[in-house]
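Novice: There's a structure below that I have some questions on.
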Amino acid sequence: MRDAMSKRGVPTPESQTQRGGRARAVSELLPDAGRAAFRRFGFVQSAVVSRWSEIVGARYAGVSAPESIRFPQGKRSEGTLNLVVRGAHGTMMQHIAPEIIERVNRFFGYAAIARVQMRQGDVPAPRPRAAPPSLKPIPVELGASLRTIADPELKAVLEALAAGVAATRGPPIMGGPIKGSGDE
(Lines give C-alpha, C1' and ligand atoms only; values in the text may rest on other atoms or scores of the structure.)
Protein backbone atom coordinates (compact mmCIF):
# COMPACT_ATOMS: atom_id res chain seq x y z
CA MET A 1 0.00 0.00 0.00
CA ARG A 2 2.78 2.44 0.95
CA ASP A 3 4.70 1.70 -2.25
CA ALA A 4 1.61 2.44 -4.26
CA MET A 5 1.09 5.72 -2.34
CA SER A 6 4.66 6.89 -2.89
CA LYS A 7 4.54 6.05 -6.61
CA ARG A 8 1.47 8.23 -7.04
CA GLY A 9 3.23 11.19 -5.40
CA VAL A 10 1.33 10.98 -2.10
CA PRO A 11 3.79 11.65 0.74
CA THR A 12 4.34 8.80 3.18
CA PRO A 13 5.22 9.33 6.85
CA GLU A 14 8.84 8.26 6.16
CA SER A 15 9.31 10.78 3.35
CA GLN A 16 7.86 13.59 5.46
CA THR A 17 10.43 13.06 8.23
CA GLN A 18 13.33 13.24 5.73
CA ARG A 19 12.27 16.61 4.33
CA GLY A 20 13.28 18.65 7.38
CA GLY A 21 16.27 20.95 7.56
CA ARG A 22 17.02 24.63 7.54
CA ALA A 23 15.37 27.12 5.24
CA ARG A 24 17.57 28.01 2.28
CA ALA A 25 17.56 30.95 -0.08
CA VAL A 26 16.47 30.40 -3.66
CA SER A 27 19.85 31.71 -4.84
CA GLU A 28 21.48 28.87 -2.90
CA LEU A 29 19.21 26.30 -4.50
CA LEU A 30 19.47 27.62 -8.06
CA PRO A 31 22.78 29.50 -8.47
CA ASP A 32 23.36 28.31 -12.01
CA ALA A 33 19.85 29.22 -13.19
CA GLY A 34 20.18 32.75 -11.79
CA ARG A 35 23.63 33.18 -13.28
CA ALA A 36 22.38 32.01 -16.68
CA ALA A 37 19.38 34.35 -16.56
CA PHE A 38 21.51 37.36 -15.64
CA ARG A 39 24.01 36.49 -18.38
CA ARG A 40 21.23 36.03 -20.93
CA PHE A 41 19.59 39.37 -20.22
CA GLY A 42 22.90 41.26 -19.86
CA PHE A 43 22.41 42.46 -16.29
CA VAL A 44 24.08 45.83 -15.80
CA GLN A 45 25.66 46.50 -12.45
CA SER A 46 23.39 48.74 -10.43
CA ALA A 47 26.24 51.19 -9.84
CA VAL A 48 26.53 51.88 -13.58
CA VAL A 49 22.81 52.64 -13.80
CA SER A 50 22.61 54.73 -10.62
CA ARG A 51 25.79 56.70 -11.39
CA TRP A 52 25.32 57.05 -15.14
CA SER A 53 25.18 60.85 -14.96
CA GLU A 54 28.49 60.88 -13.07
CA ILE A 55 30.09 58.60 -15.64
CA VAL A 56 29.05 60.40 -18.84
CA GLY A 57 27.94 63.78 -17.53
CA ALA A 58 24.49 65.31 -17.07
CA ARG A 59 24.16 66.36 -20.72
CA TYR A 60 24.57 62.84 -22.12
CA ALA A 61 22.79 61.12 -19.24
CA GLY A 62 19.66 63.11 -20.08
CA VAL A 63 19.44 61.55 -23.54
CA SER A 64 20.83 58.05 -22.89
CA ALA A 65 20.59 55.20 -20.40
CA PRO A 66 22.59 51.97 -20.04
CA GLU A 67 20.51 48.91 -20.90
CA SER A 68 22.93 45.99 -20.66
CA ILE A 69 26.54 44.92 -20.81
CA ARG A 70 27.33 41.74 -22.71
CA PHE A 71 30.69 40.06 -22.30
CA PRO A 72 32.16 37.31 -24.51
CA GLN A 73 31.72 33.78 -23.15
CA GLY A 74 33.91 33.29 -20.07
CA LYS A 75 35.36 36.83 -20.04
CA ARG A 76 34.79 39.96 -17.97
CA SER A 77 36.44 42.29 -20.48
CA GLU A 78 35.97 43.39 -24.09
CA GLY A 79 32.24 43.70 -23.51
CA THR A 80 29.56 45.54 -25.43
CA LEU A 81 27.64 48.30 -23.66
CA ASN A 82 24.07 48.57 -24.97
CA LEU A 83 22.53 52.02 -24.64
CA VAL A 84 19.05 53.37 -25.21
CA VAL A 85 19.27 56.80 -26.85
CA ARG A 86 16.46 59.32 -27.21
CA GLY A 87 15.40 60.31 -30.70
CA ALA A 88 17.80 62.24 -32.87
CA HIS A 89 20.58 62.21 -30.30
CA GLY A 90 21.89 58.91 -31.71
CA THR A 91 24.35 60.54 -34.12
CA MET A 92 25.80 62.70 -31.38
CA MET A 93 26.15 59.66 -29.10
CA GLN A 94 27.86 57.68 -31.89
CA HIS A 95 30.30 60.53 -32.30
CA ILE A 96 31.29 60.45 -28.62
CA ALA A 97 31.22 56.62 -28.28
CA PRO A 98 35.03 56.39 -27.79
CA GLU A 99 34.77 58.86 -24.91
CA ILE A 100 31.90 56.86 -23.37
CA ILE A 101 34.02 53.69 -23.60
CA GLU A 102 36.92 55.47 -21.91
CA ARG A 103 34.74 56.82 -19.09
CA VAL A 104 32.98 53.50 -18.42
CA ASN A 105 36.33 51.68 -18.37
CA ARG A 106 37.69 54.29 -15.97
CA PHE A 107 34.64 53.68 -13.76
CA PHE A 108 35.25 49.91 -13.76
CA GLY A 109 39.01 50.32 -13.35
CA TYR A 110 39.89 48.04 -16.25
CA ALA A 111 39.09 47.61 -19.96
CA ALA A 112 35.62 46.15 -19.44
CA ILE A 113 33.98 47.75 -22.51
CA ALA A 114 35.29 47.57 -26.08
CA ARG A 115 32.16 48.58 -28.06
CA VAL A 116 29.02 50.64 -27.61
CA GLN A 117 25.83 49.56 -29.32
CA MET A 118 22.88 51.95 -29.41
CA ARG A 119 19.19 51.66 -30.07
CA GLN A 120 16.62 54.38 -30.29
CA GLY A 121 14.02 54.45 -27.55
CA ASP A 122 12.43 56.34 -24.70
CA VAL A 123 14.86 57.37 -21.96
CA PRO A 124 13.38 58.07 -18.52
CA ALA A 125 14.23 61.45 -17.06
CA PRO A 126 17.04 61.26 -14.50
CA ARG A 127 15.75 61.33 -10.95
CA PRO A 128 16.85 64.34 -8.92
CA ARG A 129 19.11 63.45 -6.02
CA ALA A 130 17.85 63.99 -2.48
CA ALA A 131 19.09 67.08 -0.73
CA PRO A 132 21.62 66.62 2.08
CA PRO A 133 20.04 66.36 5.53
CA SER A 134 21.12 69.78 6.78
CA LEU A 135 21.33 72.82 4.53
CA LYS A 136 20.59 75.39 7.23
CA PRO A 137 23.39 77.86 7.96
CA ILE A 138 25.70 77.14 10.89
CA PRO A 139 25.13 79.53 13.79
CA VAL A 140 27.93 82.08 14.28
CA GLU A 141 28.35 81.14 17.96
CA LEU A 142 29.49 77.62 16.97
CA GLY A 143 32.49 79.01 15.12
CA ALA A 144 33.80 78.76 11.60
CA SER A 145 35.52 75.38 12.00
CA LEU A 146 32.35 73.44 11.06
CA ARG A 147 31.95 75.37 7.79
CA THR A 148 34.91 73.57 6.18
CA ILE A 149 33.48 70.05 6.70
CA ALA A 150 32.17 68.73 3.37
CA ASP A 151 30.34 65.58 4.59
CA PRO A 152 26.77 66.69 5.47
CA GLU A 153 26.16 63.77 7.83
CA LEU A 154 29.34 64.37 9.82
CA LYS A 155 28.63 68.10 9.85
CA ALA A 156 25.12 67.50 11.28
CA VAL A 157 26.48 65.24 14.05
CA LEU A 158 29.21 67.72 14.99
CA GLU A 159 26.70 70.58 14.97
CA ALA A 160 24.48 68.65 17.39
CA LEU A 161 27.48 67.90 19.62
CA ALA A 162 28.60 71.54 19.57
CA ALA A 163 25.07 72.71 20.37
CA GLY A 164 24.92 70.25 23.30
CA VAL A 165 28.25 71.45 24.67
CA ALA A 166 27.21 75.09 24.23
CA ALA A 167 23.98 74.46 26.16
CA THR A 168 25.80 73.28 29.32
CA ARG A 169 26.91 75.74 31.98
CA GLY A 170 30.22 75.48 33.81
CA PRO A 171 32.82 72.75 33.70
CA PRO A 172 31.72 69.11 33.70
CA ILE A 173 31.57 67.41 37.09
CA MET A 174 33.70 64.28 37.18
CA GLY A 175 33.73 61.53 39.82
CA GLY A 176 30.39 62.39 41.44
CA PRO A 177 27.90 59.69 42.36
CA ILE A 178 25.84 58.24 39.56
CA LYS A 179 22.13 58.60 40.19
CA GLY A 180 20.36 55.31 40.72
CA SER A 181 23.56 53.33 41.42
CA GLY A 182 23.12 53.19 45.21
CA ASP A 183 26.37 55.16 45.91
CA GLU A 184 24.47 58.27 46.97
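Novice: Just subtract the alpha-carbon distance of E54 and L161 from 0.36 nm times their residue separation and send over the number in nm, one decimal.
Specialist: Here the answer is 35.2 nm.
Novice: To the nearest 10 square angstrom, what accessible area does I69 show with a 1.4 Å probe?
Specialist: So the heavy atoms of I69 present about 10 Å² to solvent.
The values are calculated or read from the model by the stated rules, or taken from the named source; none is laboratory data. Quick caveat: nothing in here was measured; it's all calculated off a predicted structure. For accessibility, only protein heavy atoms count, side chains too; no ligands or nucleic acids. Shrake-Rupley method; radii C 1.70, N 1.55, O 1.52, S 1.80 Å.
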